[in-house]
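Student: Have a look at the structure that comes next, please.
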Amino acid sequence: MRILTWNILHGGGRHRLPHLLMAMLDLEPDVIVVTEARRRFAGQLAAALADAGLSHHLHTDPPDNVNGVLLVSRFPLQRTARPDLPECLRYRWIEAELPEAGLPEAGLAIAGVHLAEAAKRTEHTLGWRTLLRAARARRDLPFAIAGDLNAWRVEGGGRSGPAATNFGRLTALGYTDAWAASHPDSPGDTWSDHAGRAYRLDYVLLSKPLAGALREAQIAHVSRANGLSDHAALVVELDEITPVAPTPEPKSSSK
């Protein structure tokens, strides 16, 4: 199974959309998380991908000119409601079960995420809290978190990013950063600022049952270099999923 996540920059636009579609299909995905998917073109993109066999999709359906998240799959999707979702993630979080993928007894679940940039401190913090709660709840199930987290683990020179503590919490919950696991000597980058500083803002994070299935991760830099988006696409390939033992909850001490 190949999971693709890509921030397509303000919905893609009429002129870029055909080229975005071909770039996605060239990467041969089975599941796609599209961030900055806007209402005007999301339906067109989903319909074109359906013609290529990715016939199931869900969209957060934001108002016009507001960024949302589009989830597209070769497998049937069952949307999962998250009652604790803050308003800032109303159109930036989509979660679904894929009952025909993954373990027969558990299926596979995925969350497509686009967190607010760190400068929007309150929204960014609320986004991370939601992500960590979801990660904890599903840590013993085949669960992937994919999308643009607007945060980075390390930058040039090996310096820690401002969200390093949150990534540490994910690691403590048993989650694996697919790119970092596949390329331990390279921080990678999927976006650059106006000064040319490169960061990896886009991730696929895997729960323990999925981590053992990781085959490889790749960043498709051509998708950014040719001007299709300001972000590069990230693709993660998984082998067959195998079960793991549940993580025991820590025992509370009593006096």
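Student: Taking segment 84-115 on its own, how many of its residues are in contact with a helix residue (DSSP H, G or I) (Cβ under 9 Å, 6 or more places away or on another chain) and surrounded by fewer than 19 Cβ atoms within 10 Å (Cβ to Cβ)?
Tutor: Counting residues in segment 84-115 that are in contact with a helix residue (DSSP H, G or I) (Cβ under 9 Å, 6 or more places away or on another chain) and surrounded by fewer than 19 Cβ atoms within 10 Å (Cβ to Cβ) gives 7.
Student: Given the options R200, R215, R136, name the one that is farther than 23 Å from L98 by Cα, of a type outside the set (G, A, S) and free of Cβ contacts under 8 Å to residues at least 60 places away in the same chain.
Tutor: Just a single option satisfies the conditions, and that option is R200.
Student: Here's a check for you: in segment 186-212, which residue that is surrounded by fewer than 17 Cβ atoms within 10 Å (Cβ to Cβ) and more than 15 Å from N150 (Cα to Cα) is farthest from the chain's Cα centre (by Cα)?
Tutor: Result: A195.
Student: A further question on this structure: Regarding A47, is this residue among the hydrophobic types (A, V, I, L, M, F, W, C), exposed (fewer than 15 other Cβ atoms within 10 Å of the Cβ) and closer than 21 Å to A96 by Cα?
Tutor: Yes; evaluated as a whole, the condition is true for this residue.
Student: When segment 14-62 is examined, which residues are found to be in contact with a helix residue (DSSP H, G or I) (Cβ under 7 Å, 6 or more places away or on another chain) and in a loop (DSSP other than H, G, I, E, B)?
Tutor: Residues satisfying the conditions are A52, D61, P62.
Student: If F41 satisfies every condition in (1) closer than 25 Å to V222 by Cβ; (2) modelled with pLDDT of 95 or more; (3) among the hydrophobic types (A, V, I, L, M, F, W, C) but one, which is the exception?
Tutor: (2)
Student: Determine which single condition A81 fails, assuming it passes every other condition in (1) surrounded by fewer than 14 Cβ atoms within 10 Å (Cβ to Cβ); (2) at pLDDT 95 or above.
Tutor: Every condition holds for A81 apart from (2).
Student: Here's a follow-up. So which of H221, H231 is touching a strand residue (DSSP E or B) at 6+ places or on another chain (Cβ under 8 Å) and either of a type outside the set (S, T, N, Q) or buried (at least 22 other Cβ atoms within 10 Å of the Cβ) (or both)?
Tutor: H231
Student: Hey, another quick one. Just name the residue that is nearest to the chain's Cα centre (by Cα) out of those in segment 25-51 that are closer than 23 Å to E240 by Cα and of a type in the set (A, V, I, L, M).
Tutor: Per the criteria, the residue is V33.
Student: A245: part of a loop (DSSP other than H, G, I, E, B), among the aliphatic types (A, V, I, L, M) and either modelled with pLDDT under 90 or touching a Ser or Thr at 6+ places or on another chain (Cβ under 9 Å) (or both), yes or no?
Tutor: Judged against the criteria, A245 is a match.
Student: Take segment 86-115 and flag every residue that is aliphatic (A, V, I, L, M), under 23 Å from H10 (Cβ atoms) and touching a Phe, Trp or Tyr at 6+ places or on another chain (Cβ under 8 Å).
Tutor: Passing the criteria: A111, V113, L115.
Student: If you take the residues of segment 192-232 that are of a type in the set (K, R) and not in a strand (DSSP E or B), which of them is farthest from L9 (Cα to Cα)?
Tutor: Filtering first and then ranking leaves K208.
The values are calculated or read from the model by the stated rules, or taken from the named source; none is laboratory data. All values derive from a computational prediction rather than experimental measurement. Methodologically, a virtual Cβ is constructed for each residue, glycine included, from the backbone with ideal geometry; neighbour enumeration extends over all protein chains shown.
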